[in-house]
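Below is one structure; the comments refer to it alone.
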Amino acid sequence: MLDIKQIVAKSIHNQLPDLDYQQIYENLEYPPNVDMGDVALPCFKLSKLLRKAPMQIAQELASGIPPSEFFEKVEAVSGYLNFFVNRPRFMEEVLNRIIDQHEKYGASDIGKSRNIVIDYSAPNIAKPFHVGHLRSTAIGNSLRRIFEFMGYNCIGINYLGDWGTQFGKLIVAYNLWGSRQAVEEKGINELMRLYVKFHQEAEKDPTLEDEARSWFARMENGDSQALELWQWFKDISLKEFKKVYDLMGVDFDYYTGESFYNDKTDAVVEELKQKGLLEESQGALIVNLEEYGMPPCMILKKDGSTLYATRDIAAAIHRKKEYDFHKCIYVTGASQSLHFQQWFKIIELMGYGWAKELIHVPFGIVSLGGEKLATRTGKVVLLEDILSEAIKKTLEIIESKNPDLENKEEIARYMGVGAVIFSDLHSNRIKDVSFSWDEILNFDGETGPYVQYTHARACSVIRKAGETEADKKAFNSQLLQTKEEYLLCKLLYEFPEKIELALSQLEPSIITRYLVDLAQGFNRFYHEHSILVDNQELRNARLALVRATKITLANGLKLIGLKPLERV
Ligand code: ARG
């Protein structure tokens, strides 16, 4: 792989062999403007070490480093040492590499033979699949694709919320106000109605809560009547969830929800006891975490039932045994941060060194027109409704822009769903996001449709040239003389670095931002210059640039779970 920072770092290291190579490498920067160079070393930090003024260091280095095959000029300017690449050489190398590697461009095998467990989506059975779970689904799916692209073996787990007192509530509500027919007809909406009604009624009559608890206890004790209802509610919910996953192009290796780990919690409680970690507190069993600045973590309730944390501990131990993970990643809302800190700590206190391989990836809240979305009150926006709305609106846009497009419905589906996923990934993970249709569907804004549209534009140029993206034609990079061409190429070059960054920060927005930059870079080039010119040599060179852009946009889109469309 071509790494221009590496070439620069080596040439500096040759001049200053006492410095640490890695440190030199890490200090290198890309100047904000290519007129100032392509790679720069700020010499300020070296000043103390070498007991010289930064400018002097830069000048001495500049005069000691001769121009090379890759760098035609080295300049010292106000304490910076600036390297200028030989542009034709650089462009030839970058474009050929992309065209050769094709769908592998940006990929690596650093993760070879390492297992990554990713726990994402995890909606709660019998409660609606709402936009909060959309973020977990979109982020988890993207992380999974990024890890896989880097050679890791990923195990995607949907840790469904399919156990807990909410089922007791639902059974009570169903027995009192529900009917088999209504649930069969209306599915999850009816379950949600019952769930909401339970909370309304329980405010007036608190004995309902006791009844719900006793139904849940029956479930835990293996009561067949309770378990049959539970299984039925679960099947109905899953059917609905799967519709959404199909639309989003998301899948999982396992649907092992909380209930799956239920028979594994006794052993956890026993182990905690043996290791002297449990304390009694008002009849319940807890792990005291005061020493670590955290509230106690409850493991067993007074009535003997387990909690969310108990099941998570059991699940982690099981996953470590089963998959021997290199990392186990949990994608949930930031409101659960304390929960994860607590039980990660408990795993550590149990003496498991792999506690440090457990990673919580938190994200901010999704709101719609500024309102938080909640389940208990019933003020929920269903993900499925959002997706179908997005598809409908996209179809309207296509009808007005390009009414003759073939397969309009299918394309609207990919673009509409893509728009929702993209907007969800695009803001920094930890930031709250607010949903606005105008923003996310804007074909000219920082959106999924904009990137997909640009990709289709590149495809269309290649088609008009009578070629395919896989064609490999020799081209003369000397002819790519303009700034737009060079800047586009430089963006293309940065793709592998961006993936590494997204992976190390577990931050898909690094990819979405990069894709917007790349699409903008391509569109600047496209608007300023004709590609299919009469001069065959120039045409070939420009087409190589288009082809490389097409490939890179497609690879990037796949990493965020969007479909690269050939036509829109
Ligand atoms: N079902 C939970 C929720 O909706 C998320 C579960 C996340 N995964 C986990 N292992 N705790 O908030």
Using Cα pairs under 8 angstrom and six or more residues apart, how large is the relative contact order of the chain, in percent? 15 percent
Please give the helix 54-64 orientation as an angle from the longest Cα principal axis of the chain, in degrees from 0 to 90, rounded to the nearest 10. 60 degrees
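Find the percent of Cα-Cα distances in the range 284-442 that exceed 19 Å, and round it to a whole number.
Details: 8454 of 12561 pairs.
Cα-Cα pairs in the range 284-442 separated by more than 19 Å: 67 percent.
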With only alpha-carbon atoms counted, please give the Rg and Dmax of the range 201-273, in Å. 16.6, 46
Roughly what angle does helix 265-274 make with the longest principal axis of the chain, taking Cα atoms, 0 to 90 degrees, to the nearest 10? 90 degrees
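What's the local net charge at V287, with K and R +1, D and E -1, over the other residues with C-beta under 15 Å away?
Working: positive: K273, K275, K301, R311, K345; negative: E270, E271, E279, E280, E290, E291, D312, E348.
Once all neighbours under 15 Å are counted, the net charge is -3.
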Can you tell me the Rg and the Dmax, both Å, for the Cα atoms in the range 1-153? 21.9, 71
At each listed q (0.24, 0.27 Å⁻¹), what is the log10 of I(q)/I(0) that the Debye formula gives for the range 1-73 modelled as equal alpha-carbon point scatterers? -1.32, -1.62
Quick one: the Cα spread of the range 225-352 along its three principal axes, in angstroms, biggest first? 47, 39, 28
For helix 337-349, report the angle its Cα long axis makes with the longest principal axis of the Cα atoms of the chain; keep it between 0 and 90° and round to the nearest 10°. 80 degrees
Using Cα pairs under 8 angstrom and six or more residues apart, how large is the relative contact order of the range 1-129, in percent? 18 percent
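For the chain, what does -39500 (n - 2.57) per DSSP helix run (n ≥ 4), summed and divided by total residues, give at 222 nm, in deg cm²/dmol to the nearest 500?
Numbers: 21 runs with 312 residues, N = 568.
One gets -18000 deg cm²/dmol as the mean residue ellipticity at 222 nm.
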Within the chain, longest stretch clear of exposed GluC sites (Glu not before Pro) (DSSP loop, no more than 10 other Cβ within 10 Å): 70-405
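Ignoring the sites themselves, what is the longest stretch of the chain with no trypsin sites (Lys or Arg not before Pro) in a DSSP loop and at most 14 other beta-carbon atoms within 10 Å? List each step's numbers first, then the result.
Numbers: sites that count: R51, K112, K275, K302, R376, K379, K431, K472, K473, R567.
It works out to 113-274.
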Would you work out if the chain is rounded, prolate or oblate? Take a ≥ b ≥ c from the square roots of the eigenvalues of the alpha-carbon gyration tensor; rounded if a/c is under 1.5, else prolate when a/b is larger than b/c, oblate otherwise. oblate
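Mind giving me the FRET efficiency for K401 and K112? R0 is 51 Å, r the Cβ-Cβ distance, nearest 0.05 is fine.
Values: r = 45 Å, r/R0 = 0.87.
For R0 = 51 Å, the calculated efficiency reads 0.70.
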About its Cα centre, what dipole magnitude does the chain give when the only charges are +1 on Lys and Arg Cβ and -1 on Asp and Glu Cβ, stated in debye to the nearest 20? 600 debye
Just to be sure I understand: if I project the alpha-carbon convex hull of the range 47-122 onto a plane and average over all orientations, what area do I get in nm²? 10.4 nm²
Note down the nm distance, to one decimal, between modelled labels 7 Å out along Cα→Cβ at K356 and at K104. 3.4 nm
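If you stretched the chain out fully between E148 and D534, how much longer would it get, using 0.36 nm times the residue separation minus the C-alpha to C-alpha distance?
Numbers: separation 386, 0.36 × 386 = 138.96 nm, distance 4.25 nm.
Here the answer is 134.7 nm.
Which value does Rg/Rh take for the range 420-564 over its C-alpha atoms, Rh per Kirkwood? Spell out each step's value before the answer.
Details: Rg = 15.9 Å, Rh = 15.9 Å.
Expressed as Rg/Rh, it is 1.00.
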Local electrostatic count at V34 - Lys and Arg +1, Asp and Glu -1, tallied over other residues with Cβ under 10 Å: +1
Span from the the range 334-360 Cα centroid across to the the range 96-116 one, whole angstrom: 32 Å
Rg to Rh, two decimals, where the range 157-235 supplies the alpha carbon set and Rh follows Kirkwood: 0.96
Separation in nanometres of the label points that stand 7 Å from Cα toward Cβ, at E439 and E72: 4.4 nm
Lys, Arg +1 and Asp, Glu -1 on Cβ, resulting dipole of the range 264-332 about Cα centre, debye, nearest 20: 280 debye
Between D432 and Q336, 0.36 nm times their residue separation minus their Cα-Cα distance comes to what? 33.1 nm
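Any read-out appearing in this document is the output of simple, stated calculations on the displayed coordinates, not a laboratory observation. Just so we're clear, the structure is a prediction, and the values are computed from it rather than from any experiment. Here Cβ is always computed from backbone atoms with ideal geometry, including for glycine, and neighbour counts include all displayed protein chains.
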